[in-house]
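Heads up, the thing below is written out as structure tokens.
The values are calculated or read from the model by the stated rules, or taken from the named source; none is laboratory data. Note that the coordinates shown come from a computational prediction; the quantities given were computed from them, not determined experimentally. Using ideal geometry, Cβ is built from the backbone for each residue, glycine included, and neighbour counts are taken over all protein chains shown.
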Amino acid sequence: MSLFRCPVCGAALERGEWSYSCPAGHSFDLAKEGYVYLLRPDQKRSAAPGDDKGMAAARRAFLSKDYYRPLLDALCALICSHTGPAPTLLDAGCGEGYYTAGIFRSLLEAGKQPCMAGTDISKPILRSAAKRERDVEFAVASSFRLPVADGRVDLLLDCFSPLALDEFRRVLRPGGVFLYVVPAADHLWELKQVLYDRPYRNEEKETPYPGFSYETIVPVEHTIHLPCRTDIQALFQMTPYYWKTPRAGVERLATLESLSVQTAFRIHVFRKL
């Protein structure tokens, strides 16, 4: 049985060889890469929402070199310790699937039998995710209208994606775990020093959310060395700075042959009450 439900009537979807369908007869074709499009027209704010092809390619190129491997390893350890032998997991805003696939494989290696799905609003980026891991379900969908039944999920991951708390509460079972990954104060500080005349550090705070208990915050920090312009530009293009950097900053970055930069993440761990 699929983790997804029909975005039209809410009934459970069954995955076939070429499409997903529900008992009411609604059908959704599988793309050749293996993902399904479950984003309704009234849930789109633009013709092509989410990351475009360029950003998707940049994320795939950068993450595939394992620059963010310490974060993936920390997530795998947390998720293995917070799940049972056959967990149901959802990666909301999964991007190109680097963390989704890594977590899924880690659970298999731990002897577990995970049922896992990833959703993202960007069709170009879901193509990469579906190619990366064929045994995970992927759907184009909004985090604010997740095509998942109430209380269906044991663990939900949100890594740098929109915080859709109402939906996260809805799809998590009582006692389910919610992992929220955000940048720490000094994340990519050296990159920001190149891009901006007056760079600022990210705000760090502990925010309690209704319906969840706060368990812990796990810090993950690591310095990475980018040895070439291609990797520097890939990192830049996959960040929000790509859209709001002054031309002078972009030009300064383009002159760099290499760059060492600090990565600093915080994994906030919550449990649904």
Reported set for the range 150-199 where residues are under 20 Å from Thr245 (Cα atoms), within 14 Å of the chain's Cα centre (by Cα) and assigned to a loop (DSSP other than H, G, I, E, B) is Phe160
Condition test on Val250, is it in contact (Cβ under 8 Å) with a residue 60 or more places away in the chain and not aromatic (Phe, Trp, Tyr)? no
Report yes if Arg105 is surrounded by fewer than 24 Cβ atoms within 10 Å (Cβ to Cβ), modelled with pLDDT under 95 and assigned to a helix (DSSP H, G or I), otherwise no. no
Conditions (1) out of contact with any Ser or Thr (no Cβ under 6 Å at 6 or more places or on another chain); (2) buried (at least 16 other Cβ atoms within 10 Å of the Cβ); number of the one not met by Ala92: (1)
Can you name the condition, by its number, that Phe265 falls short on among (1) out of contact with any Pro (no Cβ under 9 Å at 6 or more places or on another chain); (2) touching a residue at least 40 places away in the same chain (Cβ under 8 Å)? (1)
Which ones in the range 248-273 are of a type in the set (Asp, Glu) and in a helix (DSSP H, G or I)? Glu251
Do we have any residue at all in the range 219-239 that's out of contact with any helix residue (DSSP H, G or I) (no Cβ under 7 Å at 6 or more places or on another chain) and at pLDDT below 95? yes
When Pro208 is run through (1) at pLDDT 95 or above; (2) in contact with a strand residue (DSSP E or B) (Cβ under 6 Å, 6 or more places away or on another chain), the failure sits at (1)
Collect the residues in the range 59-76 that are more than 14 Å from the chain's Cα centre (by Cα) and in a loop (DSSP other than H, G, I, E, B), keeping them in residue-number order. Ser64, Lys65, Asp66, Tyr67
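Restricting to the range 30-49, and then to whatever is part of a loop (DSSP other than H, G, I, E, B) and either charged (D, E, K, R) or in contact with a strand residue (DSSP E or B) (Cβ under 6 Å, 6 or more places away or on another chain) (or both), can you tell me which residue is modelled with the lowest pLDDT? Spell out how you get there, then give the answer.
Looking only at the range 30-49, we keep the residues that are part of a loop (DSSP other than H, G, I, E, B), and these are 31-35, 38-40, 44-49.
Checking the rest, the ones that are also either charged (D, E, K, R) or in contact with a strand residue (DSSP E or B) (Cβ under 6 Å, 6 or more places away or on another chain) (or both) come to 32-33, 35, 38-40, 44-45.
Details: Lys32: 93, Glu33: 94, Tyr35: 96, Leu38: 96, Leu39: 91, Arg40: 81, Lys44: 54, Arg45: 59.
Checked the range 30-49; the qualifying residue modelled with the lowest pLDDT is Lys44.
Name the residue, out of Leu157, Leu146, that is touching a helix residue (DSSP H, G or I) at 6+ places or on another chain (Cβ under 9 Å), farther than 27 Å from Ala61 by Cβ and touching a residue at least 12 places away in the same chain (Cβ under 8 Å).
So the residue among Leu157, Leu146 that is touching a helix residue (DSSP H, G or I) at 6+ places or on another chain (Cβ under 9 Å), farther than 27 Å from Ala61 by Cβ and touching a residue at least 12 places away in the same chain (Cβ under 8 Å) is Leu146.
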For residues that are free of Cβ contacts under 8 Å to residues at least 12 places away in the same chain and either over 22 Å from the mean Cα position of the chain (by Cα) or not in a loop (DSSP other than H, G, I, E, B) (or both), tally how many sit in the range 222-247. 3
Within the range 185-201, take every residue that is hydrophobic (A, V, I, L, M, F, W, C) and under 20 Å from Thr255 (Cβ atoms) and give me the one that is surrounded by the fewest Cβ atoms within 10 Å (Cβ to Cβ). Trp189
Of the conditions (1) surrounded by 23 or more Cβ atoms within 10 Å (Cβ to Cβ); (2) modelled with pLDDT of 95 or more; (3) under 16 Å from the mean Cα position of the chain (by Cα), Ile121 satisfies every one except a single condition; which number is it? (2)
Close pairs from the range 98-117: first under 21 Å from Arg5 (Cα atoms), partner assigned to a helix (DSSP H, G or I) and among the small types (Gly, Ala, Ser), Cβ under 7 Å, at least 6 apart: Thr100/Ala129
